[in-house]
1. Relative to the present Cα-Cα distance, how much length would full extension add between S27 and V128 at 0.36 nm per residue of separation?
2. At what distance in nm do the modelled label points of R20 and V266 sit from each other, each positioned 7 Å from its Cα along Cα→Cβ?
3. Would you work out which of P235, L135, V121 lies farthest towards the positive end of the dipole of the stretch 78-299? Charges go on Cβ: Lys and Arg +1, Asp and Glu -1.
4. Place the peptides 74-84, 244-254, 145-155 in order of packing, highest mean first, counting for every residue the other Cβ atoms within 10 Å and averaging per peptide.
5. How compact and how long is the stretch 78-299, expressed as Rg and Dmax of its alpha-carbon atoms in Å?
6. Which residues' amide hydrogens lie under 5 Å from the amide hydrogen of T71, considering only partners 5 or more residues apart or on another chain, with H built in the peptide plane?
7. Calculate one ³J(HN,Hα) per residue across the stretch 100-109 by plugging θ = phi - 60° into the Karplus curve 6.51 cos²θ - 1.76 cosθ + 1.60, and present them in order as whole Hz with x for glycine and proline.
8. Kindly rank 91-98, 123-130 from highest to lowest mean number of other beta carbons found within 10 Å of each residue.
Amino acid sequence: MTTASLPTATARPRRRRTGRTARLATSVAMTVVLLFFAVLLVHPGLFTHTDPLFNGPDVLAPPGGGHPFGTDQLGRDVYSRVIYGAHPVLAASLGGVLLATVMGVAIGLIGGIAPRPISVVVMRVVDVLLALPVLLVALILIASIGAGVKSIIIALGVAYTPGFARVVESSVRKLRSVEYMQAARLFGSSGLRTAMRHLLPNLLTEVVVMASSAIGWAVLTATTLSFLGLGVQLPAPDWGSDLAAGATSLSTAWWLSTFPGLAITVTILVANYAGDWVMTLTDAGGRRGWTRFRAFGGTRTTLPGSEMVAPGEPASLTSKSFTGSDAMAAGMVPDTEPGLPAHATMTTPEERA
């Protein structure tokens, strides 16, 4: 190594250490923020001891003193209403995304593995729902079933289901052409067994990333419904309802709408950053071989090293009676370990010992 190359050689470890430190700091920060929102969802009373429905003597008091966010037209503390208003928004958003994830994955699997006539009908219905704006679908459902947190969960679940279904169906069609899926069908694996054992684990990464990214949009939709008077009803604390209640007093009492609006903005930003963070974590896990499908990165056409089948060992693709030797004979499993030259064959644990 020449003298000129020494600075470059020493700079690379420093960059690696800096990158690891930045990733660690990001993970710690996101963990703390997510724990804060989890506590806010489960037990908001830890952050304030004031009843959000208590009508105090200070009416329209500006921020300061005993009321850091001021008071509203009835003397209620705005800070306590912002804290307690997080519960219905977060509960409705998380519940709606969870419902959409379950229904979307189920419909996407049906559209991907069902016979062609059924698949065509299912996916055409999904396409029709995708053509409708999410807010319009939610408004129609809320108007039909009534207001409230449960109604918002159902509305968000139905409105966001087509997006999940379309992406899952597309991913299933890609995965059907991978070697281990062909091997499973070749050795008699049923459609349900194939979906539960081979498709769902490989879709997990992409579904988690989609769900985490959809939470921010769900928060925006839930607060919009409450702002329009179709969600949580006053006097119950809710960011959307309080934002609408203070919209007519912006010139005289700016704090009534400002702090609920800031809470909505911060929550959406955190949800978006959390989605990016989850995508980074899952993508890194995919490169290490934990999953066979990376988010938005396509399918992997080779099995990870941890799932390679050695000669004489049972393969987990179909049944206990199908061994690694049979798989090699059928051309379904490579006869070399990843990273080894082509002439090096796989060895059993007994041979390695």
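1. Values: separation 101, 0.36 × 101 = 36.36 nm, distance 3.94 nm.
The S27-V128 span can extend by a further 32.4 nm.
2. According to this spin-label approximation, the distance is 3.4 nm.
3. Among P235, L135, V121, the one farthest towards the positive end of the dipole of the stretch 78-299 is V121.
4. Top of the packing list down: 74-84, 145-155, 244-254.
5. For the stretch 78-299, the Cα radius of gyration and maximum Cα-Cα distance read 20.2, 74 Å.
6. Amide H to amide H, under 5 Å and 5 or more residues apart or across chains, T71 pairs with L60, A61, V78.
7. With coefficients 6.51, -1.76 and 1.60, one gets 5, 5, 5, 5, x, 5, 5, 5, x, 5 Hz.
8. For the peptides 91-98, 123-130, the packing ranking is 91-98, 123-130.
Values quoted throughout were computed directly from the atomic coordinates according to the rules given, and no laboratory measurement underlies them. As the structure is a prediction and not an experimental result, all values here were calculated from the model. Neighbour counts run over all protein chains shown; Cβ positions are idealised from the backbone, glycine included.
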